[in-house]
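Where a number appears in this text, it was derived from the coordinates with a stated rule and is not lab data. Since we're looking at a predicted model, the values are computed, not measured. All Cβ positions, glycine included, derive from the backbone under ideal geometry; neighbour counts span all protein chains shown.
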Amino acid sequence: MVACSNQAVTATPAILIATAPLPTPRPTLTPRPTATISGAANSVVVNTQRDPGPTPTPIFYTVQDGETLIPIANRFGVSVADIIVANPGLEPGRIQVGQRLVVPSAGASRGSSSSGQLLPSPTPAPYTTRGVNVYRTAAGSLECLGEVFNPGPSALNNVQLQISLFDDGNKVLTSSIFFVALDTIAPGQTSPFRVLFTDPPPNFSRFTVRPMRGEAIDAASRFVRMELTRKEGVAIDATQFKISGDVVNRDTVNARNARVIVTTYDDQKRVIGFRNVTLGDGNLAANTQIGFDVTLVSSAKVAEYAVAVEGLK
């Protein structure tokens, strides 16, 4: 299933069958190509009993020395909660000088349930949606996993998509606009995404995933040069999969918010799980190596995996 700038991924409920649990633990598996630039992760939980709020026009603001979210919010006439919602993965007590924040418009944040999402790009940069995996969980929710592939030549930022659920009459029952897990996707690399409908419409029969936004940026101006020097994945038991490895900061400057995002796939190359883990305390000095161990639960037998590495300047 593929979606470029004006093409949607469409699927029938054929894959809406919960996948089987992991069988007997397997030895080390073959990794997929590794991403080397990434950003903050985001998982969207959608309660379909509530209608999404209006989409605000965003403002991009660079954090100055000594600032916190409170004076920034006061400056633009919005609440701290609005800024947190508009910046998935943001840790309020750990904003950094030079960090870029998305600030929703005051008109959209006051008197409405702002979603904190960006307006669609007039012409989104081309990218591909693949590995989409939609299934019902044991609790009756509907989980949608997948990934975006950036064919290049530039890194992509603010990659945003929309998933819609339809009935047999082609009527939209509910939809959600969401960001991918990584803030920036390097050329030739991927970013996973996840959306959870906690109370999906019972008469839903198919879904579409289509691109909404994607901006080409110069990633070198924001990210340090990180390298994954070792990676290994192995099944622990019938439900858990462990990925370990080593990361080196190859740049001449220290990295902050250093992290890895691991993604697992089934034998049909569908995304079945991902996890975002901070490396150490998030700070990695220039020319320094650090190891990681990540354990995650996937919805099916793990056949492949990928590791993305990031570090902000």
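With a Förster radius of 35 Å applied to the beta-carbon distance between THR239 and PHE149, the computed FRET efficiency rounds to 0.80.
In this structure the amide hydrogen of VAL103, modeled in the peptide plane, comes within under 5 Å of the amide hydrogens of ILE59, PHE60, TYR61, none closer than 5 places in sequence on its chain.
Averaged over residues, the count of other Cβ atoms within 10 Å places the peptides 208-221, 300-313, 88-101, 178-191 in the sequence 178-191, 300-313, 208-221, 88-101, highest first. Derived scalar couplings between HN and Hα for the range 83-94 equal 5, 4, 5, 6, 10, x, x, 5, 9, x, x, 10 Hz in order, rounded to whole Hz, by the Karplus curve 6.51 cos²θ - 1.76 cosθ + 1.60 (θ = phi - 60°), x for Gly and Pro.
Evaluating 6.51 cos²θ - 1.76 cosθ + 1.60 at θ = phi - 60° for every residue in the range 127-134, the Karplus couplings come out as 8, 10, 9, 8, x, 5, 9, 10 Hz, glycine and proline recorded as x.
Approximating the spin labels as points 7 Å out from Cα along Cα→Cβ, the ILE70-to-ARG94 distance works out to 2.1 nm. The protection proxy used here, the mean number of other Cβ atoms lying within 10 Å of each residue, ranks peptides 249-257, 152-160, 234-242 as follows, highest first: 152-160, 249-257, 234-242. Does the range 136-242 come out rounded, prolate or oblate by the C-alpha gyration tensor, with a ≥ b ≥ c the root eigenvalues, rounded set by a/c under 1.5 and, if not, prolate when a/b is larger than b/c and oblate if not? It comes out oblate by the Cα gyration axes. Residues whose amide H falls under 5 Å from that of ARG222, counting only those 5 or more places apart or on a different chain, are absent, with hydrogens built in the peptide plane.
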